[in-house]
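Take a look at the structure below.
The values are calculated or read from the model by the stated rules, or taken from the named source; none is laboratory data. Remember, it's a predicted structure, so these values are computed and weren't measured experimentally. When we count neighbours, we look across all protein chains shown, and the Cβ atoms used for this are built from the backbone with ideal geometry, even at glycine. The area values use the complete protein model at the heavy-atom level, side chains included, leaving out ligands, DNA and RNA. Shrake-Rupley method; radii C 1.70, N 1.55, O 1.52, S 1.80 Å.
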Amino acid sequence: MQATTSTDSEQGFILPPNRIELGRLKVQMVLGILLILVACFVNYYPSLNVGLLLDDFNNVDYVYRAWHGDAADFLSNFYSNWAKLDVMRSYRPFISLSFFTDYAMFGLHYAGYHMTNIVMFATCAVFVSLIALELTGMYGNRSRASVAIWAGLLFAVDPLHVESVTWIIGRVDLLCSVFYFASVFCFLRFRLVRDRTYLLAALVCFFIALGSKEMAVTLPIVQTMACFLPIGPAKNSTRTLTQKIIQSDLKIAFLFWIELAGFWVLRRTILGADIGGYGSTDLKTVLNSWRNFADRPSMAKVFLPLNEELTFSPLLIKTCWSGFGIIFAAALLRLLNSRKLLVPVSFLLLWAVLAILPTFQIWHIYPNLVGSRLFFTSSAPLCIAIALCAIPATDAIGRFATRMWSYVGMTALLIVFVCWSFILQVNLKPWQVASNHMKTFRRQLTEISAQLKPGERALLLNLPPDYQGAGLVTRSWYVEQICRPPFAPTDTSNRFISVEPVVSGSHDYLWPTEVNNLLRDKKVAAKVIWNPSTGEFEKFSKRPDITTLGADSAKVISESNFLGATIDPDSAWSGVDKEWRVQSDRLPGMEIHSEFRRLYPAIRARKKGAPPTMTFWLPVKDINPLVQNYAQLNMKVHGSDSELDKCRFVWKSTGLNHPGQTDHEALIQRSADGKYFVWLGRYRGWSLNDSPTAVGLRMPSGDYCIDLKNIELSSDETLKPSISIDNDSTTYGTPGTVVRPKAQSTKVRWQASRPGVASVIIKVSKPNLVFDPYSELDVASGPTGNVAKELAKSELQGEMPIADLKLPEGTTQIQVIGIDEDGKQVGLPSEPISVKI
């Protein structure tokens with residue numbers, strides 16, 4: 001029955017049927033949000049099968065125990081360091097609440113946890129769209145909802161978000177950003193409609209964002225900047241800058257600063273720290289950390305997030321860059337006619353920069369996109385800015401010009417959208433493979449444990465840190481958790497041993513004596529190594545006998561090996577000393593002398609795109625990496641020694657390689673007596689790999705040359721002091737190889753009787769930190785940012801109660817260094833002992 005009014009009936013009028021008007025703003029936004037939601041769920045649907053990886057186990061573990069009567073660790077997240085992390089100090093109770101809620105709904109069905117991540121991400125994308133709508137609304141919505149819809153769609157398919165969405169613990173960025181964006185939207189909305197409900201919502205959302213991740217500390221600055229945005233052209237067209245400041249909402253934005261101060265007091269009271277990120281927080285380290293933002297490769301990945309361990313079509317890359325080129329060219333051309341675009345885009349770019357500042361200690365997007373989650377919040381204003389540059393929503397231009405520029409801009413946006421969608425799907429694949437590797441890892445642990453007799457243990461070598469950027473295990477702590485309920489039927493964690501870092505440090509390094517001792521241990525019945533190429537454990541039985549170490553194990557690589565020397569690239573020249581030849585400074589080469597080889601890297605690349613390095617290879621055989629783990633390079637550098645900082649010692653092995661990897665490299669260092677050496681035993685790619693087939697030098701282009709006489713490979717046993725603790729023999733080799741002193745009277749013992757050693761220095765690290773975070777420079781003497789104290793001792797062999805070191809709570813490293821009469825380091829430092837108090 002047709003609805004009518006009395007007046008309509010009397011005059012014979014009948015109301016037309018209701019219909020959807022696509023030109024209406026609300027209709028466009030509803031349809032746009034539906035498109036954004038579809039884009040989010042379709043693109044990330046494969047992540048539902050990824051399961052748990054890395055930090056996920058820790059968070060599920062404490063909520064499982066909370067639901068089964070042991071809520072101590074869960075509740076501690078509300079009054080102490082979040083998740084009891086030893087690498088950083090943070091206060092994130094709302095993340096713990098999200099895991100608690102997920103377990104209540106999904107239990108151990110991890111697809112539900114991933115669905116929560118996707119819902120959070122989709123909510124972020126919707127808020128990005130709403131923020132864009134508010135910004136364009138200040139200029140009259142000339143393009144309706146176009147900018148808002150495209151901003152949300154770009155955010156939904158940004159390939160940089162894979163780490164945050166696919167990894168369950170990535171929700172620290174998702175949950176923080178949901179409420180961060182919600183707070184920005186509510187504040188912008190409050191400025192327009194003056195409804196205090198929006199202001200209250202903005203303040204509440206800010207608090208939740210702060211309690212989810214520290215990234216939210218930049219929000220008061222963003223809200224303050226928003227006060228200078230125009231609310232409408234009619235209201236603001238005649239006001240001076242002074243009037244704008246006086247009449248702005250700065251007094252309202254001040255509420256967010258008060259809230260931030262209150263949260264800082266709360267956090268400071270609970271954690272006792274102002275900065276809770278990774279690494280040292282001393283002033284010098286903090287100031288030097290700002291250099292991280294000058295990393296150009298990381299900034300390039302903001303626009304084209306390619307995982308460099310994967311293969312992408314060159315056409316796809318060029319097409320994506322062309323889309324960005326059209327967008328930015330169009331924006332520049334429109335700026336010639338109207339400057340109104342500058343205000344909102346400047347605001348957005350400043351917001352994007354501000355949002356990454358809290359990551360100053362660790363900001364870096366690695367070639368495999370590890371660390372991309374750090375840019376998650378900043379990507380929102382960037383996507384809005386891209387959409388604004390493409391579509392003339394703020395420009396004061398004619399209708400025809402607006403329509404033409406919109407067609408051009410939307411075409412370019414479509415190009416970027418399609419390219420990003422393809423890249424996103426490729427970036428997802430490593431996470432799917434990593435999930436399969438994790439299933440294999442857990443299955444094999446169960447099988448290995450079943451084969452062990454009572455009292456026996458299995459040595460797990462090369463725990464998988466990641467697969468092409470997707471995190472796996474890395475630390476022995478996670479092995480312990482994986483081997484306990486709810487992730488395993490029974491607790492088998494005490495049956496496994498590993499040599500992974502006890503505290504935060506690079507996975508590329510290990511301690512050779514620790515490895516050798518465990519390989520000799522008769523209680524270690526099974527020795528397996530993870531093969532990153534096959535994604536499974538293999539029996540570790542490739543090594544010759546390693547029971548004999550000493551000077552007789554040395555091998556000298558010299559004249560006979562030089563006969564088979566090769567140089568990369570193939571275009572390099574080779575000639576005999578004093579032989580007449582035409583030589584190019586753009587072509588690397590080797591000059592043959594009777595007692596050495598003179599190696600010339602090109603001063604500069606021969607042409608654009610040419611390899612910037614020269615690699616000199618020497619064939620070798622019968623090398624035992626566990627025995628010959630120290631290389632002395634008898635060579636002379638002509639030119640600046642600073643050039644040597646760029647050179648690397650390289651080797652080829654066929655065993656422990658990642659997919660596509662052909663060689664490994666190590667840092668060349670210089671001892672106090674001027675000799676060049678490489679502590680190869682510290683490198684996992686050397687100690688745990690097959691016998692190398694070639695070794696050599698990799699030299700970048702530069703104005704220098706190297707005379708290489710020979711390379712001597714020997715054992716490091718005679719070059720370093722030793723340190724031990726009374727009771728470490730009973731706990732040595734437990735997961736993490738950490739020592740827990742039985743009493744304060746427990747003695748620390750050292751032995752540094754070596755030729756040239758006159759005294760020793762005992763170094764103690766800051767809690768939960770290694771001496772050097774990158775582990776390549778830890779052979780150098782002198783304090784680094786992570787050293788807490790140094791104690792000088794005249795006794796070359798001695799002991800002291802561990803209580804005298806006054807170790808703080810946490811895991812601390814202790815190391816001994818031999819010093820000569822001139823105060824210079826002799827040989828290598830001892831391998832450190834990690835002590836947990």
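Any chance you could count how many residues in the stretch 334-348 are hydrophobic (A, V, I, L, M, F, W, C) and loosely packed, with under 15 Cβ neighbours inside 10 Å?
Of the residues in the stretch 334-348, 2 are hydrophobic (A, V, I, L, M, F, W, C) and loosely packed, with under 15 Cβ neighbours inside 10 Å.
If you check every pair at least six apart or on different chains, which have Cβ atoms under 7 Å apart with a residue in the stretch 513-526 that is more than 15 Å from LEU452 (Cβ to Cβ) first and a residue that is open to solvent by less than 60 Å² (accessible area, probe 1.4 Å) and part of a helix (DSSP H, G or I) second?
That search, which allows pairs on different chains as well, returns VAL515/SER687.
With the requirement that a residue be small (Gly, Ala, Ser) and more than 28 Å from the chain's Cα centre (by Cα), what does the stretch 637-676 give you?
Once the filter is applied, which keeps residues that are small (Gly, Ala, Ser) and more than 28 Å from the chain's Cα centre (by Cα), the stretch 637-676 yields GLY639, SER640, SER642, SER671, ALA672, GLY674.
Which is buried (at least 22 other Cβ atoms within 10 Å of the Cβ), in contact (Cβ under 8 Å) with a residue 40 or more places away in the chain and either charged (D, E, K, R) or under 24 Å from VAL42 (Cβ atoms) (or both), of LEU445, LEU413?
LEU413
Exposed (fewer than 12 other Cβ atoms within 10 Å of the Cβ), among the hydroxyl-bearing types (Ser, Thr, Tyr), over 38 Å from the mean Cα position of the chain (by Cα) and at pLDDT 80 or above - does that describe any residue in the stretch 560-583?
There is no residue in the stretch 560-583 that is exposed (fewer than 12 other Cβ atoms within 10 Å of the Cβ), among the hydroxyl-bearing types (Ser, Thr, Tyr), over 38 Å from the mean Cα position of the chain (by Cα) and at pLDDT 80 or above.
Restricting to the stretch 349-368, give me the number of residues that are part of a loop (DSSP other than H, G, I, E, B) and open to solvent by 40 Å² or more (accessible area, probe 1.4 Å).
So the count comes out to 4.
If you check ALA470 against the conditions, is it within 26 Å of PHE57 (Cβ to Cβ), open to solvent by 10 Å² or more (accessible area, probe 1.4 Å) and among the small types (Gly, Ala, Ser)?
Judged against the criteria, ALA470 is not a match.
Return yes or no: is LEU461 of a type in the set (A, V, I, L, M, F, W, C), outside the structural domain of LEU688 (by the TED database), closer than 18 Å to VAL370 by Cα and touching a Leu at 6+ places or on another chain (Cβ under 8 Å)?
It is false that LEU461 is of a type in the set (A, V, I, L, M, F, W, C), outside the structural domain of LEU688 (by the TED database), closer than 18 Å to VAL370 by Cα and touching a Leu at 6+ places or on another chain (Cβ under 8 Å).
What is the residue count in the stretch 69-106 for residues that are free of Cβ contacts under 8 Å to residues at least 60 places away in the same chain and open to solvent by 20 Å² or more (accessible area, probe 1.4 Å)?
Selection size over the stretch 69-106: 16.
Looking at the structure I just gave you, is SER406 open to solvent by less than 70 Å² (accessible area, probe 1.4 Å) and closer than 17 Å to PHE155 by Cα?
Against the criterion (open to solvent by less than 70 Å² (accessible area, probe 1.4 Å) and closer than 17 Å to PHE155 by Cα), SER406 does not qualify.
From the list SER498, SER449, SER493, exactly one residue is among the small types (Gly, Ala, Ser), in contact with a Cys (Cβ under 6 Å, 6 or more places away or on another chain) and not assigned by the TED database to the domain that holds ASN49. Which is it?
Just a single option satisfies the conditions, and that option is SER493.
Part of a helix (DSSP H, G or I) and either acidic (Asp, Glu) or crowded, with 22+ Cβ neighbours inside 10 Å (or both): is that true of VAL42 in this structure?
no
Tally time: how many residues in the stretch 304-331 are closer than 21 Å to ALA393 by Cβ, at pLDDT 90 or above and in contact with a Cys (Cβ under 9 Å, 6 or more places away or on another chain)?
3
Assess whether ILE384 counts as being modelled with pLDDT of 90 or more, aliphatic (A, V, I, L, M) and buried (at least 18 other Cβ atoms within 10 Å of the Cβ).
Here the answer is yes, as ILE384 does meet what is asked.
Where the second residue is among the aromatic types (Phe, Trp, Tyr) and part of a helix (DSSP H, G or I) and the first is closer than 19 Å to MET438 by Cα and lies in the stretch 37-60, which pairs have Cβ atoms under 6 Å and are six or more apart or on separate chains?
VAL50/TRP431; GLY51/TYR110; LEU52/TYR110; PHE57/TYR478; ASN59/PHE99
Which residue is farthest from GLY818 (Cα to Cα), if the candidates are limited to the stretch 685-702 and must be buried (at least 21 other Cβ atoms within 10 Å of the Cβ) and within 28 Å of the chain's Cα centre (by Cα)?
My answer is MET699.
Quick one: what pairs do we get from the stretch 362-380, first residue assigned by the TED database to the domain that holds VAL126 and on the phi > 0 side of the Ramachandran plot, second in a loop (DSSP other than H, G, I, E, B) and at pLDDT 90 or above, C-beta under 7 Å, 6+ apart or different chains?
LEU369/PRO305; LEU369/ASN307
Quick one: which helices (runs of 4 or more DSSP H) sit completely within the stretch 175-252 and have at least 1 residues that are modelled with pLDDT under 90, among the hydrophobic types (A, V, I, L, M, F, W, C) and open to solvent by 20 Å² or more (accessible area, probe 1.4 Å)?
Filter on the stretch 175-252 gives 233-236, 241-247.
If you go through the stretch 628-647 one residue at a time, do you hit one that is open to solvent by less than 50 Å² (accessible area, probe 1.4 Å), touching a Cys at 6+ places or on another chain (Cβ under 6 Å) and in a loop (DSSP other than H, G, I, E, B)?
no
Just to be sure I understand, how many residues within the stretch 703-727 are open to solvent by less than 10 Å² (accessible area, probe 1.4 Å) and either hydrophobic (A, V, I, L, M, F, W, C) or closer than 30 Å to ARG604 by Cα (or both)?
Of the residues in that region, 5 qualify.
If I filter the stretch 657-684 down to residues being in contact with a Pro (Cβ under 8 Å, 6 or more places away or on another chain) and outside any helix (DSSP H, G or I), which single residue comes out as surrounded by the most Cβ atoms within 10 Å (Cβ to Cβ)?
Checked the stretch 657-684; the qualifying residue surrounded by the most Cβ atoms within 10 Å (Cβ to Cβ) is ASN657.
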